[in-house]
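Please treat every number below as a calculation from the coordinates, not as lab data. In this text the structure is predicted, and so the values were computed from the model without any measurement. Note that each Cβ is placed from the backbone with ideal geometry, even for glycine, and that neighbours are counted across all protein chains shown.
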Amino acid sequence: MIQQLHGSGTTNPSRLFWQSMDIIEERTKGPVHLTYRAVGSSTGQKEFLGASNGNMALNHFGSGDIPMTNARYSSVVGAGRTMVHVPFALGAIGLFHSVPSSELPTSGSIHLTGCVLAKIMSTQITTWNDAEIVALNPGMTATGTIKVVHRVEGSSSTAGFTEYLSGKCPASWTLGSGSTITWPSSTFTAQGSGGMSSFIQANSYAIGYIDAGHGHAASLGEIALQNLDGVYLRTTEANIGAAGTAGLAAGVIPTDPTADFSAVNLYDQAGNTTWPITMISYFYMNKDLSSLDVNSAALLMYFVEFILSTVGQDMAVANLFSRLPAELLTYNQQTLSTLMLPTGYTPYTTELASTTQAEVGAGAMVVSGKRRSYAEYERTANVAKIASLEATVSPPPPVVHSARVEISAAGSVADVTEADKAEIASAIAASAGVSPSSVSVTVVSASVRIIAEVITASADEASSAMAKLQQDMSTPEATTAMLSSASIEVITVPAVTTVATSEPSQSTPPPSPSVEALLQSDEERDNDTRDLAFVALGIGIAGCFMGFLAFAFVLCNKNNLGKPVQREVSFPKAPSVSSTAEPHGVELKREVV
């Protein structure tokens, strides 16, 4: 009989769970089947409650990045059940931005307090040079409009972030909290953590909240947020586990694991290295497992204990979580020891890949690291090969977006000095709303054709710059007035366009052939074609002649066809091995038909 274990809940640890389940399936002796449906924390809670099933859980366990809501917890208790929360990983919600590095403060990172962050995210503060931001960030020169981006669908990240702001600065954050809220219309939306990262990468001066692992994987700039002890730090500088330790010490996490956890959070805990927006991921489990069959109970306990093991916690880190502190691991061990198990329950044990347990490792209830599937073996080998290949592949050149201005002016090239170019760059930058360092000016012909490139971070910003420049340079006269400090007389309406180009790679591509070269290549191809035609004709004539000879040979020998031909074939004698050995060599006559 196949032993089974099934769970459902939050999508965030799905890869961790699936990987762990694969390992258990491959290393057990008997047939087992483990599944996890990644459906979200809320659905995981609903299916653990099982309202449609007489308030009996639809799976063996649930999982969520938020504690069971008070209403659902009350329904579980009302159905005569007792549940426990088992924390299995911690996660940090980080703040990431795309302010150009040249405009960052002297410290190299942007510092924000919780209340200033609340004003930014609610659009009370709309530019990066707002007085409250500048006061926290000496030397910061950014002036761009802040682009606030948030998750479009309900998410535990949104819930954690908005709950933190509501608790930290309720006077400045009045938008409420939860997995979905009503955001100001001027903000931007994104799908999932990947969409948030992509938006911030593609749009300068953006800010958004993302689980820290995804933000780091995308190499985004991170905000240094002030914690409860007044220390500004980024998630890379923080001890994420410290929030769990502080929460236990402060009584935030109930000592009784069967209590109502709905108000539990690790936001803004004490400690110099504590990150202010730390979240807990939980298993939802029934305390009374005695109604389960012994095999499913054994699989459930082994799966949960595997995730909490050193190996499981290492895998959690690899999947962008933070490991539990020792204090929370001890808390979990005490919780699991109180569960009621079915009669005849026998736990699974482990045989490590590095340690052979002769005879014991062959037992039915041993998950052995000595057992592997060929598929798992090949996957492991392929991971190493892919990593090696990725190390040798260069990334594609980045796309550079710009608004290009072409100006035809009177005079000659000599009339345009370096000072004039600087003045042109300054005037165009002011019109486009960018830094003068983002504008390059080149004179490309004797009749004074000036090309100015306004380099931007995205196609949208290039289009915006183009629209502003077209408005300010709508006539030759307006353009001349705009560039008056450069003493340039514009004689036509400037052409303003947007351009997207890839930066050249280190290896220079071959030059494009000229028209003459292409015509010459066509002529050479024609000559080659004629030569090939003559060769083919010669081969054809030779073939016909050989065919005629073969036909004549058949006619001349028609009377001998079908008769055997005698031919003598001699095999040399081999030397004798001894004086009494029979000779190995013989002379034969063979008929060859």
Cβ-defined net charge surrounding LEU469, 13 Å radius [Lys, Arg +1; Asp, Glu -1]: -2
Amide H within-cut-off set for VAL367, under 5 Å, with H built and near neighbours excluded: THR349, THR350, GLU351
Residue-count net charge about ILE181 - beta-carbon cut-off 14 Å; Lys, Arg +1, Asp, Glu -1: -1
Farthest positive-ward along the range 399-502 dipole, Cα basis, beta-carbon charges - from VAL490, ALA462, THR475: ALA462
Under 5 Å, built H, 5+ apart or other chain: amide partners of ASP229: GLY271
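Where both partners of a DSSP beta bridge lie in the range 91-249, what percent of those bridges are antiparallel, to the nearest 5? Don't skip to the answer; put the middle values down first.
Numbers: 10 of 17 bridges.
Once the DSSP bridges in the range 91-249 are tallied, antiparallel ones form about 60 percent.
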Under the Karplus curve 6.51 cos²θ - 1.76 cosθ + 1.60, θ = phi - 60°, whole-Hz ³J(HN,Hα) for the range 163-169, x wherever Gly or Pro sits: 5, 4, 5, 4, x, 7, 8
Phi-based couplings in Hz for the range 125-136 (Karplus 6.51, -1.76, 1.60; Gly and Pro marked x): 10, 10, 10, 6, 9, 4, 4, 5, 6, 4, 4, 8
Alpha-carbon centroid distance for the pair the range 336-406 / the range 281-307, whole angstrom: 22
Under the Debye formula (equal points on every Cα, no solvent term), log10 I(q)/I(0) of the range 91-249 at q = 0.11 Å⁻¹: -0.39
